[in-house]
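The structure appears right after this line, and notes come after that.
The values are calculated or read from the model by the stated rules, or taken from the named source; none is laboratory data. What you are looking at is a predicted structure, and each value in this text was computed from that prediction instead of being measured. We place every Cβ from the backbone using ideal geometry, glycine too, and count neighbours over all the protein chains shown. Surface accessibility is based on the protein's heavy atoms, side chains included, excluding ligands, DNA and RNA. Shrake-Rupley method; radii C 1.70, N 1.55, O 1.52, S 1.80 Å.
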Amino acid sequence: MIDLHTHLLPGVDDGARTLARALAVLERAAAAGVRVVACTPHLRSSALRRGAPARHEALLAALAEGAPAGVTVLHGWEIMLDEPAVALTDRSLAIGDSGAVLVEWPRGPALPPNGVAELARIRASGVVPVLAHPERYPGASPAQARAWRDAGAVLQGDATLFRAPGTRGAAARALLAAGALDLLASDNHGDGRTLAAAREALTAAGAPEAALLLTEVNPERILRGLPPHPVPPVADEPGRWARIARFVTRLRERPRGDRA
């Protein structure tokens, strides 16, 4: 699996506070089958008027040195588009060596009025905007998701929200049911959020193809500069995700030797 949205650079933002904590998260991720993790600390587009900040190379090197064997750690940013028309073409803003940049909308009661145009502008500049957690935004309907994608954005859903109660969970499930998400990521902040749980839940729900595309194939294609493959819709049946969540919890609590 490939996780393109985490906050594991220690002490940089509201994510992992210590290197030990970040390495513990990487150990759990590796044990679950994650092989690439992008560290994407918060950054405001308005701050880029002063130029792109330096990457946290020393922290990244420390993470890479302590990471489990077989895990690649990449640098990126999660850029809040709090100011329009800011260039995101500096290669240091991208996820790893890709042509993709992780972006998000500012928090608020409404979406930016020119959001679609802003995504189209970024895409026209040669940068692929990967819009983080679209289910969190007001009015995040499948129709709105299609408008974002038509503007050239790739949509990254939160790996935990489609199993959650409330408005955000309902929005995430509606986007999955519409086939409107291109990939999932953990958005781990030094905590227990995991991409593996989402993959297990989708597989248990009878959607193994979607699980593979959302957690492995499409993230890899984005890193390689290729468009994501379409993800088949995953039906949202009443009570389904609560049942799946209980099943996955029991599965993860069983000793590995007891699993079929």
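Numbers for the structure displayed
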| item | result |
| --- | --- |
| Filter pass, A85 being free of Cβ contacts under 8 Å to residues at least 24 places away in the same chain and closer than 30 Å to P138 by Cβ | no |
| Positions within segment 45-61 being under 29 Å from V217 (Cα atoms) and open to solvent by 40 Å² or more (accessible area, probe 1.4 Å), in sequence order | R55, H56, E57, L59, A61 |
| Tally, over segment 133-161, of residues that are in a helix (DSSP H, G or I) and either among the acidic types (D, E) or open to solvent by 10 Å² or more (accessible area, probe 1.4 Å) (or both) | 10 |
| Residues located in segment 22-60, provided they are out of contact with any Ser or Thr (no Cβ under 6 Å at 6 or more places or on another chain), within 16 Å of S92 (Cβ to Cβ) and aliphatic (A, V, I, L, M) | A38, L43, A47, L48, A54, A58, L59, L60 |
| Pairs where the first residue, in segment 199-215, is under 14 Å from V34 (Cβ atoms) and open to solvent by less than 10 Å² (accessible area, probe 1.4 Å) and the second is of a type in the set (D, E) and part of a loop (DSSP other than H, G, I, E, B), C-beta under 9 Å, 6+ apart | L214/D182 |
| Residue list for segment 186-198, restricted to those being among the hydrophobic types (A, V, I, L, M, F, W, C) and buried (at least 23 other Cβ atoms within 10 Å of the Cβ) | L195, A198 |
| Single unsatisfied condition, G108 versus (1) part of a loop (DSSP other than H, G, I, E, B); (2) small (G, A, S); (3) surrounded by fewer than 16 Cβ atoms within 10 Å (Cβ to Cβ); (4) modelled with pLDDT of 95 or more | (4) |
| Any chance P41 is open to solvent by less than 30 Å² (accessible area, probe 1.4 Å), of a type outside the set (S, T, Y) and touching a Lys or Arg at 6+ places or on another chain (Cβ under 7 Å) | no |
| Segment 148-180 - residue that is hydrophobic (A, V, I, L, M, F, W, C) and under 11 Å from V130 (Cα atoms) and, of those, farthest from the chain's Cα centre (by Cα) | W148 |
| Options S141, S98: the member that is farther than 25 Å from G206 by Cα and among the polar types (S, T, N, Q) | S98 |
| Some residue of segment 182-199 being out of contact with any Phe, Trp or Tyr (no Cβ under 8 Å at 6 or more places or on another chain) and over 21 Å from V25 (Cα atoms) | yes |
| Condition broken by G96, with the remaining ones in (1) part of a loop (DSSP other than H, G, I, E, B); (2) touching a helix residue (DSSP H, G or I) at 6+ places or on another chain (Cβ under 7 Å); (3) at pLDDT 95 or above; (4) at negative phi satisfied | (4) |
| Any chance P129 is at pLDDT 95 or above, surrounded by 14 or more Cβ atoms within 10 Å (Cβ to Cβ) and not polar (S, T, N, Q) | yes |
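So that you can scan it fast, the table gives a plain yes or no per residue for (1) touching a His at 6+ places or on another chain (Cβ under 9 Å); (2) among the charged types (D, E, K, R):
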position	(1), (2)
A24	no, no
R28	no, yes
R35	no, yes
A38	yes, no
L43	no, no
G51	no, no
A61	no, no
A64	no, no
